[in-house]
Structures are given as structure tokens and as C-alpha cells.
């Protein structure tokens, strides 16, 4: 993912995140225009391969996710990548809430394959996950991720940051404090676990 924000505003995002953690409410308003483009890219990735009839738009998704971040408990932010990583969880929560409201009665049967497809540019380029998920499939994925978190929180984080946030392996490794090689192994392991968990009949 290009790090355009920090190139254009060296240190400013980190300073605003520190002010946010200190409880300065005005920092949220100052931060939003600096991270909006990256949040919209993440939202676009999360929505881009869903069916055309999806009523939630990227701009709306960004605003709802940012509202969750503003309304949540203070976070000891580590920097821009950490902020986008946490935002990816908020994006997931908004998508799941939206899917649950509209299609709770369809939860379960008839699911097609959730691909969690290959992500291009693994070393830090343009990350693009396969997210062609009808709402009931997104709910199934969400349930599986919650179960995965109980077993291995880092695996859940790797999937969430990459699948919903579009972070590169390098960025995820920096946020989680491990090597890129570890993230590669975690991504492979998490995908295999999720597939077995959601589609045991295909094993």
C-alpha cells in the first residue's frame, strides 16, 4: 500500500494519533482528511468485489468505521499502519452489522466458496483480496474469524488486516512485531483453517 500520507505530512499523522490517545477530541477532526484516502481505498477493497446491488457505499463505510474509532476506547497508537490496521477491524464490524441487519434470516445454507484469494504485491505493493461475499457468507466468515481469534489472535489479525484493511505483509509484520516470513506462514495457515472451518464437506 503506498504510504502517501506520511510522505506528504511527515510525522503529522503520528502526532495526531498521540493527541487522540491523550484524549484530545479535536485531533480526530484534524486526522480524518489526512487518512481519508487510505480508509476509502480499504473500504473500496472490502466492497469492490461484492455484488452490484450492495447498498453500502465506500464513503458511507469510511464514515461509519471512523465513527466507531472515534467512539471507542483510547488506543495507544503506534503510527499510521497501526491506525489502518485497527480501522480494518472497524470496517469489518460495519460490514458485518450491515449484513446482519439485511440478511440475518438467510444465514447459513447455500454458501458459495469464500476465496480469501491471492494478494498481489506481497512485499508491500498493491494488496487486493477476493471479497465477492454475499451477506450470509460474510457473516459465516465473521463467525469463523471469531473462533479463530479464540485459538490464535495473531492469525485473526493477519486475515483482518489483509482481507479488510489491505495492508501489505511488511506493514502487518511491523504492526504485529514479527517478520514478514512469519506473516506469510500465518496467512497460509489462517486461510487453510478458515476453509476447513467453513467448508468441512470439501475436505
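The values are calculated or read from the model by the stated rules, or taken from the named source; none is laboratory data. All of these numbers come straight from a predicted model, not from anything done at the bench. All Cβ positions, even for glycine, are placed from backbone atoms using ideal geometry, and neighbour counts span all protein chains on display.
Do the conditions hold for residue 137, that is, is it in a helix (DSSP H, G or I), more than 15 Å from the chain's Cα centre (by Cα), at pLDDT below 90 and surrounded by 15 or more Cβ atoms within 10 Å (Cβ to Cβ)?
So residue 137 passes the test.
For segment 143-195, which positions are modelled with pLDDT under 90, part of a helix (DSSP H, G or I) and in contact with a helix residue (DSSP H, G or I) (Cβ under 6 Å, 6 or more places away or on another chain)? The one that is modelled with pLDDT under 90, part of a helix (DSSP H, G or I) and in contact with a helix residue (DSSP H, G or I) (Cβ under 6 Å, 6 or more places away or on another chain): 164. Screening residue 129 on (1) assigned to a helix (DSSP H, G or I); (2) in contact with a helix residue (DSSP H, G or I) (Cβ under 8 Å, 6 or more places away or on another chain); (3) at pLDDT below 55 shows it passes everything except condition (1). Scanning segment 69-89 for residues that are part of a helix (DSSP H, G or I) and buried (at least 17 other Cβ atoms within 10 Å of the Cβ) turns up 69, 80, 81, 82, 83, 84, 85, 86, 87, 88, 89.
Test residue 46 against the criterion of being touching a helix residue (DSSP H, G or I) at 6+ places or on another chain (Cβ under 9 Å), assigned to a helix (DSSP H, G or I) and either surrounded by fewer than 20 Cβ atoms within 10 Å (Cβ to Cβ) or at pLDDT 80 or above (or both), and give yes or no. The answer is no for residue 46.
Assess whether residue 31 counts as being in contact with a helix residue (DSSP H, G or I) (Cβ under 7 Å, 6 or more places away or on another chain) and at pLDDT below 85. In short, no.
Determine if segment 64-81 includes at least one residue that is more than 24 Å from residue 149 (Cβ to Cβ), out of contact with any helix residue (DSSP H, G or I) (no Cβ under 8 Å at 6 or more places or on another chain) and modelled with pLDDT of 85 or more. No, that holds for no residue.
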